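Below: the structure, in structure tokens.
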Amino acid sequence: MRYSIFSVLREAFNGQRGWRPAWREPDPKPAYDVVIVGGGGHGLATAYYLAKVHGLRNIAVVERGYLGSGNVGRNTTIVRSNYLLPGNTPFYEWSLKLWEGLEQDLNYNAMVSQRGVLNLCHTDSQRDAYARRGNAMRLCGVDAELLDREQVRALVPILDFDHARFPIKGGLLQRRGGTVRHDAVAWGYARAADQRGVDIIQNCEVTGIRIEGGRIIGVETTRGFIGAKKVGLACAGRTSQVAAMAGLRLPIESHVLQAFVSEGVKPLLHHVVTFGAGHFYVSQSDKGGLVFGGDIDGYNSYAQRGNLPTIEDVMEEGFALIPSLGRLRVLRHWGGIMDMSMDGSPIIDRTPVEGLYLNCGWCYGGFKATPASGWCFAHTIARDEPHPLNAAYRLDRFATGALIDEKGSGAQPNLH
Amino acid sequence: MRITCPHCGERGNEEFAYLGDATVRRPDDAGAARPGAPEFERWMDYVYLRDNPAGRHRELWQHVHGCRAWLVVTRDISTHAIFSVEDARAAALARPSLVARDAAS
Ligand SMILES: Cc1cc2nc3c(=O)[nH]c(=O)nc-3n(C[C@H](O)[C@H](O)[C@H](O)COP(=O)(O)OP(=O)(O)OC[C@H]3O[C@@H](n4cnc5c(N)ncnc54)[C@H](O)[C@@H]3O)c2cc1C
Ligand SMILES: [Zn+2]
């Protein structure tokens with residue numbers, strides 16, 4: 001069923017009885033051309049572009065839980081393409097372009113909101129660094145504006161501009177950045193992939209990878225063996241575990257990141273704002289709650305929950321930036337497990353096992369990458385070679401030294 | 001999560017800084033190594049590759065806001081339960097050297 005103003009009106013007069021499930025719940029077939037492991041944003045987008053761009057028909061996505069139970073439904077929904085390094089900037093800009101046309105493409109309301117992402121600076125040297133980043137972005141055709149303090153005040157008056165330690169000196173604004181409703185991204189891709197014949201198999205955990213003569217032949221799952229000519233891993237925080245089933249040892253640690261939502265209030269904050277003196281980012285959802293987060297907890301974790309010191313730290317940074325936050329109550333907080341890679345950048349590549357492909361290492365910034373990641377991973381799987389946009393995201397860059405370290409913090413995953 | 005420092009007693013984890021996997025070993029060999037050479041693989045292993053298990057993990061923490069000792073904490077990464085905390089120096093001295101380990105295997 002196509003969603004449109006007419007279907008909404010028709011159902012309004014029909015007691016809302018005519019809606020159909022957005023995707024089928026098929027049993028796994030004995031074999032597929034391509035099996036994608038992980039029904040998060042990246043896995044679903046990959047299946048969709050494999051069907052749409054590459055014309056493949058016999059595809060399955062297997063997900064151990066329910067759709068959206070992973071990071072795609074846990075993130076703080078920020079999308080942007082304000083990257084500095086070659087290899088990153090064109091990739092994230094392509095992602096933002098795909099976001100801009102996503103809802104029409106999928107026929108699904110993902111609440112793409114280009115409200116602008118504003119990174120604040122608090123020292124002169126930080127302003128210089130932002131000028132450099134903004135210039136690098138503009139050289140790649142990405143929008144960036146360097147704002148002074150008064151321009152920032154005009155946009156976001158509620159900030160503490162005269163904070164004794166971290167006064168606000170200005171900011172780097174990307175107007176095309178913003179937020180996207182995260183669950184709707186999973187649902188929209190799932191529905192669109194399903195309509196193109198992709199089997200989405202939930203509650204089906206991959207427990208083994210079968211390889212014969214160096215070539216993949218399928219995956220063992222909790223619902224039996226599923227044969228596959230090609231297998232793509234897109235299992236976010238659990239990639240080390242699943243890749244180990246194929247004998248791979250990866251440059252990845254799993255870490256926990258927490259996120260928070262306050263009670264709903266009237267419109268207060270119209271942009272995504274990030275605090276430059278620490279690590280804190282905040283936006284206001286359409287329901288009115290402030291959605292915010294900060295640093296990862298900093299130690300390896302698969303627990304999907306963090307600890308109190310990080311919560312305290314995030315709240316302190318929030319108060320330093322917006323003192324009026326102190327009057328709000330936090331309603332909910334949660335954690336998600338992410339693949340922190342050794343240089344802070346992702347991997348989209350083939351592997352030493354023929355027919356096995358890898359999409360991982362997204363750290364805490366992979367939501368914005370969802371469309372381009374799916375698009376490039378689909379290309380890599382279908383053509384057996386990377387697209388120019390993901391050519392830098394190689395697995396062997398750790399051996400060759402061609403690292404992409406945006407933060408310059410070295411092989412220390414909890415610092416990226 | 002609370003860590004019992006062998007020197008200072010039980011403290012909140014905010015007093016400690018995390019380094020990472022304590023089972024990886026800094027190679028003893030100095031000098032340049034070409035890809036494929038055993039020294040190169042040892043350095044790759046030490047700098048970049050991790051088992052990242054979803055269970056028991058030996059890891060290095062430093063009691064930065066306490067006695068500043070380096071510690072080896074054995075922790076279940078899936079539950080955050082802590083099994084043991086040892087002094088890192090004693091744990092390191094108890095290991096055979098990498099060259100000796102490779103020669104023996
Ligand atoms: C709190 C938090 C805030 C974040 N904020 C942002 C943000 O503002 N902007 C941004 O760009 N990024 C953000 N991120 C990062 C982003 O959410 C992730 O990088 C991205 O969602 C990962 O890709 P995914 O959607 O495919 O992952 P997931 O949704 O986690 O998908 C992976 C799936 O694989 C499944 N799986 C795992 N093992 C198996 C198995 N053996 N068999 C079958 N299935 C398996 C999992 O169940 C899971 O559903 C945030 C992350 C967190 C945790
Ligand atoms: Zn101590």
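Quick notes on this one:
- Enumerated strands (runs of 3 or more DSSP E) restricted to region A:113-190, each holding at least 1 residues that are loosely packed, with under 14 Cβ neighbours inside 10 Å and at pLDDT 95 or above: A:145-148
- A single entry from A:200, A:211, A:217 fulfils the requirement of being within 13 Å of ligand 1 (Cβ to nearest atom) and aliphatic (A, V, I, L, M): A:200.
- Scan of region B:9-25 for residues that are free of Cβ contacts under 8 Å to residues at least 60 places away in the same chain and out of contact with any strand residue (DSSP E or B) (no Cβ under 9 Å at 6 or more places or on another chain), ordered by number: B:9, B:14
- Checked against the criterion of being closer than 30 Å to residue A:402 by Cα, more than 16 Å from ligand 1 (Cβ to nearest atom) and not in a loop (DSSP other than H, G, I, E, B), region A:80-99 contains one or more residues that satisfy it.
Table: residues versus (1) more than 23 Å from residue A:336 (Cα to Cα); (2) in contact (Cβ under 8 Å) with a residue 40 or more places away in the chain.
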| site | (1), (2) |
| --- | --- |
| A:160 | yes, yes |
| A:165 | yes, yes |
| A:172 | yes, yes |
| A:185 | no, yes |
| A:188 | no, yes |
| A:202 | no, yes |
| A:213 | yes, no |
| A:227 | yes, yes |
| A:247 | yes, yes |
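- With respect to being assigned to a loop (DSSP other than H, G, I, E, B), within 21 Å of residue A:57 (Cβ to Cβ) and away from ligand 2 (no atom under 16 Å from the Cβ), residue A:197 fits the description.
- Any hit, region A:42-65, residues being over 16 Å from the mean Cα position of the chain (by Cα), small (Gly, Ala, Ser) and not assigned by TED's automatic domain parsing to the domain that holds residue A:403: no
- Filtered residues of region A:222-240 (kept if assigned to a strand (DSSP E or B), over 30 Å from residue A:299 (Cβ atoms) and either touching a Ser or Thr at 6+ places or on another chain (Cβ under 8 Å) or not hydrophobic (A, V, I, L, M, F, W, C) (or both)): A:224, A:227, A:229, A:230
- Subset tally (residues that are facing chain A (nearest Cβ under 8 Å) and either in a loop (DSSP other than H, G, I, E, B) or more than 13 Å from ligand 2 (Cβ to nearest atom) (or both)) for region B:1-18: 3
- Residues within region A:378-416 that are under 22 Å from residue A:133 (Cβ atoms), within 14 Å of chain B (Cβ to nearest Cβ) and aliphatic (A, V, I, L, M), tallied: 4
- Verdict on residue B:41 being surrounded by 15 or more Cβ atoms within 10 Å (Cβ to Cβ), at negative phi and either at pLDDT below 95 or within 13 Å of chain A (Cβ to nearest Cβ) (or both): yes
- Residue list for region B:60-98, restricted to those being more than 12 Å from ligand 2 (Cβ to nearest atom), away from chain A (no Cβ under 14 Å) and not in a helix (DSSP H, G or I): B:83, B:84, B:86, B:94, B:95, B:96, B:97
- Search result, residues across region A:295-319 that are in contact with a strand residue (DSSP E or B) (Cβ under 7 Å, 6 or more places away or on another chain) and more than 14 Å from chain B (Cβ to nearest Cβ): A:317, A:318
- Qualifying residue in region A:348-364 (condition: modelled with pLDDT under 95 and within 15 Å of ligand 1 (Cβ to nearest atom)): yes
- Residue check for residue A:106: assigned by TED's automatic domain parsing to the domain that holds residue A:292, more than 21 Å from residue A:349 (Cα to Cα) and either under 19 Å from the mean Cα position of the chain (by Cα) or not small (Gly, Ala, Ser) (or both): no
- Reported count of residues in region A:93-107, each being within 14 Å of residue A:144 (Cα to Cα) and touching a strand residue (DSSP E or B) at 6+ places or on another chain (Cβ under 9 Å), is 1.
- The residues of region B:44-59 that are among the charged types (D, E, K, R), at the interface with chain A (Cβ under 9 Å from one of its Cβ atoms) and either within 16 Å of ligand 1 (Cβ to nearest atom) or free of Cβ contacts under 8 Å to residues at least 40 places away in the same chain (or both), listed by number, are B:45, B:50, B:51.
The values are calculated or read from the model by the stated rules, or taken from the named source; none is laboratory data. Owing to the predicted nature of the structure, the values given are computational and were not obtained by experimental measurement. FYI the Cβ positions are ideal-geometry reconstructions off the backbone, even for glycines, and counts take in every protein chain you see.
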